[in-house]
Amino acid sequence: MPMDDDIAPDAKTDSVPMPASLIPPLRQAAVLLDIDGTLLDFAPTPREVWVPPELSTTLKQLHERSHGALALVSGRSLNDIDLIFAPEVFPAIGGHGAEMRLQPDSEAVAAHAPPLDKELKRRLAAIAKLSPGILLEDKGYSLALHYRLAPQAEKAIYEAVSLIRAELPNAPIEVLPGKSVCEIKHSGFTKATGVLELMTHEPFKGRRPFFIGDDVTDETVFAIMPDFDGLAFSVGRRATGVAGHFDGPSDVREFLAHLLDVDRDVSLS
């Protein structure tokens, strides 16, 4: 796994420490993980993602070893996250910070994030008719237009969204470009606002977080990790300000499993 750009080129080969050595013991850490493109490989549609059984086992052990301080941080709704990882349930931030659950058996905590206006949703939903293969996903707090099956429609989708925004200049909305998806949500909350709130609650409060994410929407969380003496890692690209990066989700899954082994060795020493 390559490390940050500040390391001299000739030092990047053998002398770079393994990322696990940067992570504090799990009893002192907060484990924050994006899902799509980070833990899970992308699929043709959002419903077709697959959770490897060993990943569920790894996440359960990380949750136990950190005494509950593990949270999934996603643009997906909490309900959608639970369906993907069923029967397992994890603490999570959903809807790009719109909703939060602090413990697997606790109720969701509202983040005071208003849902999108119904008329605005209707207009945005009509964009899906531009081309076969555009998939519409209504998340309540946001609306996503997936074009992985219709890549030729990308430009037309963003032009249509821009036209609607021009006609409604005062609408409090934000456009989130993603990997083969254009997502529109109410402004005022992000994954970072969700993480900031999460870190005020036990068992996350006072811990050193590390966050792994892959997309533009994860950059807001990368930016706040130094506020908690935490670390950020990107996936698929070397993002600005991260401590290192992974080539793909399989590398992230391997790293998390390795982290458990390292933490066990530290506990036994």
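The values are calculated or read from the model by the stated rules, or taken from the named source; none is laboratory data. All values reported here derive from a predicted model rather than from experimental measurement. Here Cβ is always computed from backbone atoms with ideal geometry, including for glycine, and neighbour counts include all displayed protein chains. Only protein heavy atoms, including side chains, enter the accessible area calculation; ligands, DNA and RNA are left aside. Shrake-Rupley method; radii C 1.70, N 1.55, O 1.52, S 1.80 Å.
One table, with the values for the structure above:
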quantity	calculated
Residues within the stretch 196-233 that are assigned to a strand (DSSP E or B), open to solvent by less than 10 Å² (accessible area, probe 1.4 Å) and touching a residue at least 24 places away in the same chain (Cβ under 8 Å), tallied	6
Per-region count, the stretch 67-108, residues in a loop (DSSP other than H, G, I, E, B) and charged (D, E, K, R)	4
Any hit, the stretch 133-152, residues being without any contact (Cβ under 8 Å) to a residue 40 or more places away in the chain, open to solvent by 30 Å² or more (accessible area, probe 1.4 Å) and closer than 23 Å to D80 by Cβ	yes
Residue count for the stretch 184-195, restricted to those that are open to solvent by 50 Å² or more (accessible area, probe 1.4 Å) and over 17 Å from the mean Cα position of the chain (by Cα)	1
Output for the stretch 196-238, where each listed residue is more than 16 Å from G75 (Cβ to Cβ), among the charged types (D, E, K, R) and touching a strand residue (DSSP E or B) at 6+ places or on another chain (Cβ under 7 Å)	E197, R207, R208, D229, R237, R238
Test: residue in the stretch 77-89 that is touching a helix residue (DSSP H, G or I) at 6+ places or on another chain (Cβ under 6 Å) and among the hydroxyl-bearing types (S, T, Y)	no
Members of the stretch 43-66 found to be assigned to a helix (DSSP H, G or I) and of a type in the set (A, V, I, L, M, F, W, C), listed by number	L55, L59, L62
Every residue from the stretch 171-195 that is out of contact with any strand residue (DSSP E or B) (no Cβ under 7 Å at 6 or more places or on another chain), modelled with pLDDT of 90 or more and not in a loop (DSSP other than H, G, I, E, B)	P177, A192, T193
When residues of the stretch 154-211 are limited to those that are of a type in the set (S, T, N, Q) and in contact with a Pro (Cβ under 9 Å, 6 or more places away or on another chain), the one farthest from K118 (Cα to Cα)	S180
The stretch 113-132 - residue that is within 19 Å of A98 (Cβ to Cβ) and without any contact (Cβ under 8 Å) to a residue 40 or more places away in the chain and, of those, most open to solvent (accessible area, probe 1.4 Å)	K118
